[in-house]
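A short write-up of the structure that comes next.
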Amino acid sequence: MSRKIKLIWDFRGPAAAKTAEHHEIHLKEFIVMEKLPLNITGFTILNDMHAIAYMVVTDENMIAVRDALKPHRGELFE
């Protein structure tokens, strides 16, 4: 079984929550367009000035997705 990697986009400022929520829509569209094997996305509001959007990819797809979408960071997904 391959590893799962959570790619993360950070959004800061007073509109961070709405921006992260909207960004997740585009991540879902990308998954459908590229026919990726995993369909795990989400957004999390960390505080009133910082929110994240994320998608989970397999190890095999990570480099292609990273190069196409330019996430700010990544971490292993459990």
message: Condition check: open to solvent by 40 Å² or more (accessible area, probe 1.4 Å), at pLDDT 95 or above and not in a helix (DSSP H, G or I). Does L46 satisfy that?
response: yes
- request: Filter the range 15-29 down to residues that are open to solvent by less than 100 Å² (accessible area, probe 1.4 Å) and either basic (K, R) or touching a helix residue (DSSP H, G or I) at 6+ places or on another chain (Cβ under 7 Å) (or both), then give me how many there are.
  value: 1
- prompt: Does at least one position in the range 9-30 carry a residue that is in contact with a Pro (Cβ under 7 Å, 6 or more places away or on another chain) and modelled with pLDDT of 95 or more?
  reply: yes
- prompt: When you look at A53, is it over 10 Å from L7 (Cβ atoms) and either out of contact with any Lys or Arg (no Cβ under 7 Å at 6 or more places or on another chain) or assigned to a helix (DSSP H, G or I) (or both), yes or no?
  reply: no
message: Please verify whether P14 is under 16 Å from V57 (Cα atoms), part of a loop (DSSP other than H, G, I, E, B) and without any contact (Cβ under 8 Å) to a residue 60 or more places away in the chain, treating the condition exactly as stated.
response: no
- request: For the range 17-43, enumerate the residues that are part of a strand (DSSP E or B) and either closer than 16 Å to A64 by Cα or not small (G, A, S) (or both).
  value: I40, T41, F43
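The values are calculated or read from the model by the stated rules, or taken from the named source; none is laboratory data. Owing to the predicted nature of the structure, the values given are computational and were not obtained by experimental measurement. Every residue, glycine among them, receives a Cβ derived from its backbone with ideal geometry; neighbour counts consider all protein chains shown. For accessibility, only protein heavy atoms count, side chains too; no ligands or nucleic acids. Shrake-Rupley method; radii C 1.70, N 1.55, O 1.52, S 1.80 Å.
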